[in-house]
Amino acid sequence: MVPAVARVKRRRQETADVWTLDLDPPEGVGTFAPGQFNMLYVLGVGEVPISMSGDPEKGRFTHTVRAVGAVSEALAGLKRGSTVGLRGPFGSAWPLQEVAGKDVIVMAGGIGLAPLKPLLYRLFANPENYGRISVLYGTRSPADVLYGRELERWRDKTGAAIEITVDHATGEWHGPVGVVTNLLSPNLFDPDNAIAFICGPEVMMRFSVSSLMDLGLPGESIHISMERNMKCAVGHCGHCQFGPTFICKDGPVFRYDRLRDLLSVREL
Amino acid sequence: MTEDLQERGREGMARIVREHPFFADLKEEYCDLVCGCAKNVRFEVGEYILREGEPANEFYLIREGRAALEINAPGRTGITFQTVGPGEVVGVSWLVPPYRWTYDARAVERVRAISLDAECLRGKCDDDPALGYDMMTRFVPILVQRLQATRLQLLDVYGRDG
């Protein structure tokens, strides 16, 4: 529960309000699995959960932060060489072990692409181990597209279906405009042998799940990453309790059919 | 044009109309009626397919390419709120009075489409309500889907409060 000290090795701007930090892992802190998160503590400001967004094989912790509150703004403002308190890694992971030989659909909304990125690194490291890989990404506008160059590189290298859509655009954007579910098509996967991973705002995930199920994908083949107000990250404080589960400890990655009934409860 | 050529032209259009997902499972007799109002069209990149405020005299079933649906505000660049591609429809205002377009549609790739004469089809729907019902059952899901998408866009789920 006591944060270790990590040093910022590199900082880069992704969009107007999104920054990526590479941290040297503190001594004794091991590697992580795609989908997990760290608690990052800016001394004197506060602590927030931030998903890993780097390649698990690279031996460093990469975090993409959107500056939306006091702590995330302080995190985004950290310069190279600054220190940050770190606890983790915590939480469940995207079930990569279930993916071999299957078509894979990755659906991301906005900053929700960040927690999926470690999964993308692993998928695209050995694409021949999987069926068709589709990455469907929706965001607000062309200026808000995250990791554009990497997505393009993966598309060029592997021929995967990587599609980006935005909610609105001006004339310079030549890609699709509309909701992310518009990118789904029955040609992308075989519902009897496919698995989907979704991360984004909860409304976006609900509609994405619904569209995938309309195309025949069963709930047990869909995995989502949930977000709640996580504080302790070990299931003690109860801040992120979601019915009988704790998002920090049992999640953030859940199989959809295990959460289905809870997601429709408005009070949760 | 000889009768033979006309017949081949009709057959070609019937095939194209049937192949378009919008007219999936179209009954034979309706196909004849629809084809009587249909023609092939092409729009080059940047060309406007329809303009806001103009009479909605036709609608389009896209076969190839992509079009941007845009709204313009004075002093601002046009905002694209949706793009439509192969298998999709451009234009629903032809269905309801006052039959005027409420946005612009511009080809962002070369677009090949089936153009349907709205007045012709409205007339046939008035004459045969079963055809009208068939057309409505094809258009209403599109309208519902677009309404739902618009709601999500209005929610701005990827914005700061999303």
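The values are calculated or read from the model by the stated rules, or taken from the named source; none is laboratory data. What you are looking at is a predicted structure, and each value in this text was computed from that prediction instead of being measured. When we count neighbours, we look across all protein chains shown, and the Cβ atoms used for this are built from the backbone with ideal geometry, even at glycine.
Things worth noting here:
- Unique match (being under 30 Å from B:GLY12 (Cα atoms), within 14 Å of chain A (Cβ to nearest Cβ) and not basic (Lys, Arg)) among B:ALA73, B:ALA149, B:ALA105, B:ALA118: B:ALA105
Table: residues versus (1) touching a residue at least 12 places away in the same chain (Cβ under 8 Å); (2) under 15 Å from B:PHE139 (Cβ atoms); (3) among the polar types (S, T, N, Q); (4) not in a loop (DSSP other than H, G, I, E, B).
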{"residue": "B:ALA14", "(1), (2), (3), (4)": "yes, no, no, yes"}
{"residue": "B:VAL34", "(1), (2), (3), (4)": "yes, yes, no, yes"}
{"residue": "B:ARG42", "(1), (2), (3), (4)": "yes, no, no, yes"}
{"residue": "B:THR80", "(1), (2), (3), (4)": "yes, no, yes, yes"}
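- Matching residues, the stretch A:241-268, being at negative phi, touching a helix residue (DSSP H, G or I) at 6+ places or on another chain (Cβ under 8 Å) and either in the same structural domain as A:LYS117 (by TED's automatic domain parsing) or in contact (Cβ under 8 Å) with a residue 24 or more places away in the chain (or both): A:PHE242, A:PRO252, A:ARG255, A:TYR256, A:ASP257, A:ARG260, A:LEU263, A:LEU268
- One residue stands out in the stretch A:52-99 among those that are acidic (Asp, Glu) and out of contact with any Pro (no Cβ under 7 Å at 6 or more places or on another chain): the one that is nearest to A:ARG122 (Cα to Cα), namely A:GLU57.
- Residues satisfying the stated conditions in the stretch A:87-108, i.e. modelled with pLDDT under 95 and crowded, with 24+ Cβ neighbours inside 10 Å: A:GLY91
- All positions within the stretch B:97-126 that are under 15 Å from B:GLU52 (Cα atoms) and assigned to a loop (DSSP other than H, G, I, E, B): B:PRO97, B:PRO98, B:TYR99, B:TRP101, B:THR102, B:TYR103
Here's the yes/no breakdown for (1) more than 23 Å from A:ASN229 (Cβ to Cβ); (2) in a loop (DSSP other than H, G, I, E, B):
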| site | (1), (2) |
| --- | --- |
| A:THR20 | yes, no |
| A:PHE32 | no, yes |
| A:ASN38 | no, no |
| A:GLY44 | no, yes |
| A:VAL68 | no, yes |
| A:GLY81 | yes, yes |
| A:GLY85 | no, no |
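- A:MET230 vs. criteria in contact with a helix residue (DSSP H, G or I) (Cβ under 6 Å, 6 or more places away or on another chain), more than 11 Å from chain B (Cβ to nearest Cβ) and either crowded, with 23+ Cβ neighbours inside 10 Å or not in a loop (DSSP other than H, G, I, E, B) (or both): yes
- Filter result for B:ARG110 (modelled with pLDDT of 95 or more, under 25 Å from A:ASP167 (Cα atoms) and out of contact with any helix residue (DSSP H, G or I) (no Cβ under 6 Å at 6 or more places or on another chain)): yes
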